């Protein structure tokens with residue numbers, strides 16, 4: 001291509017935009033992991049300025065002309081996909097003015113910083129004014145996007161996280177899953193009680209020093225394929241995976257009372273990290289080189305945490321590693337059934353990130369329903385605690401009415417402005433089960449590989465079918481190409497029945 005071609009100019013712009021995204025990502029990681037509390041105000045100013053710069057560059061009017069010129073040039077299928085994805089992003093981006101983006105990022109940063117300060121105390125009233133402001137700004141954004149995209153307001157927000165998601169399609173699926181789980185969870189709990197009556201749950205031999213837990217987590221990350229030349233593990237209030245493909249930053253949180261929660265959190269975030277580290281490097285700066293939406297991203301983290309790390313085959317390999325890093329006394333006298341009783345334990349609980357895979361979707365559905373009502377105006381910010389408590393009582397038989405810390409203040413998503421994000425978590429679980437079914441079909445020896453601590457085949461399959469594809473295809477097409485079928489929740493339901501009723 002010539003130096004003056006439209007595609008060359010778009011390529012140069014993509015590299016500059018990637019550089020700004022890199023800076024934004026690292027400032028965000030530092031804010032969560034290292035920044036002193038006194039740095040918050042200036043950090044918010046810096047990040048809002050960068051967001052404004054990015055918006056002005058990525059939403060410049062001349063890009064529409066460049067895209068039109070590039071689309072008129074002879075292009076192969078891959079470049080056509082890149083231009084389609086760029087145009088989709090450009091349309092979404094130009095819905096909002098630079099001034100609105102600056103105000104939005106500033107409101108998000110201040111709300112998130114206040115949340116980090118007030119969540120430990122469960123101070124909902126102190127947090128509420130910032131949250132109300134954020135909800136109002138979200139409604140404004142939803143209206144602007146809905147008008148430009150021709151979508152309902154909540155659909156317009158979901159489009160930013162998972163292109164193609166529509167509430168009209170998701171709500172019936174979630175309603176069906178909710179009905180199934182409300183019956184399944186009591187049944188699985190009763191089955192679990194029968195098993196534990198015959199073989200009681202062995203207590204973990206705490207305490208587990210944090211440094212030893214970290215060493216174990218690092219060893220498992222390396223074993224499943226994480227590249228430490230291009231990533232690291234730190235500690236934060238809320239586990240996350242951030243950074244850029246060449247510098248992935250993951251975090252977890254520890255407690256000395258037990259090690260499984262932190263370990264599973266590490267493996268969950270490792271799934272995200274593997275996806276990012278294995279995106280197509282040659283087009284990583286182009287829109288079609290990005291990961292394909294948050295439901296696919298979450299499918300990769302849940303694949304590692306749920307399909308791999310909670311399987312019997314994984315723990316046949318992992319138990320000697322636990323003894324090596326935590327000491328023989330950590331699981332002294334344990335057999336495989338004892339550790340599986342822990343990693344398959346179902347409990348009704350308040351905390352989403354600590355929930356088991358049977359109850360987790362109910363946490364997500366609760367949030368989905370609340371945030372959809374917040375955006376539509378059917379629910380006001382001040383009434384969230386009561387709505388949250390009512391749904392928690394109905395779905396899981398628990399109350400949070402006097403516990404804001406473990407109720408509506410437990411997640412960072414809403415304080416950071418990520419409304420429309422939560423559906424991706426449960427969609428990701430369903431996709432993960434569907435991918436596992438396809439891998440077992442294509443790779444009959446996959447369970448034996450896990451027994452031997454061999455994860456290369458699993459990673460090669462996902463690299464070929466998911467990671468290397470970037471955003472070349474819409475999510476339904478990507479899934480169909482990978483598995484041979486469209487989105488199918490039956491694999492997830494079958495997985496739950498086999499694991500918890502077998």
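The values are calculated or read from the model by the stated rules, or taken from the named source; none is laboratory data. As the structure is a prediction and not an experimental result, all values here were calculated from the model. Cβ atoms come from the backbone with ideal geometry, glycine included; neighbour counts cover every protein chain shown.
Does region 119-133 include one or more residues that are out of contact with any strand residue (DSSP E or B) (no Cβ under 9 Å at 6 or more places or on another chain), crowded, with 19+ Cβ neighbours inside 10 Å, farther than 22 Å from residue 388 by Cα and touching a residue at least 60 places away in the same chain (Cβ under 8 Å)?
Among the residues of region 119-133, not one is out of contact with any strand residue (DSSP E or B) (no Cβ under 9 Å at 6 or more places or on another chain), crowded, with 19+ Cβ neighbours inside 10 Å, farther than 22 Å from residue 388 by Cα and touching a residue at least 60 places away in the same chain (Cβ under 8 Å), which makes the answer no.
Would you mind listing the helices (runs of 4 or more DSSP H) fully within region 245-352 where at least 1 residues are under 19 Å from residue 411 (Cα atoms) and under 19 Å from the mean Cα position of the chain (by Cα)?
Of the helices (runs of 4 or more DSSP H) lying wholly inside region 245-352, those with at least 1 residues that are under 19 Å from residue 411 (Cα atoms) and under 19 Å from the mean Cα position of the chain (by Cα) span 260-277, 293-302.
Of the residues that sit in region 30-40 and are in a helix (DSSP H, G or I) and loosely packed, with under 11 Cβ neighbours inside 10 Å, which one is modelled with the lowest pLDDT?
37
Go through region 234-251 and give me each residue that's farther than 12 Å from residue 29 by Cβ and free of Cβ contacts under 8 Å to residues at least 40 places away in the same chain.
Across region 234-251, the qualifying residues are 245, 246.
Against the definition (touching a residue at least 60 places away in the same chain (Cβ under 8 Å) and assigned to a loop (DSSP other than H, G, I, E, B)), how does residue 420 come out, yes or no?
Considered against the rule, which asks whether it is touching a residue at least 60 places away in the same chain (Cβ under 8 Å) and assigned to a loop (DSSP other than H, G, I, E, B), residue 420 comes out as yes.
Residue under question is residue 133, and the condition is that it be in a helix (DSSP H, G or I) and at pLDDT 95 or above; does it hold?
Here the answer is no, as residue 133 does not meet what is asked.
With surrounded by fewer than 19 Cβ atoms within 10 Å (Cβ to Cβ) and either within 27 Å of residue 172 (Cβ to Cβ) or in contact (Cβ under 8 Å) with a residue 40 or more places away in the chain (or both) as the only criterion, which of 380, 371 stands out?
Residue meeting the stated conditions: 380.
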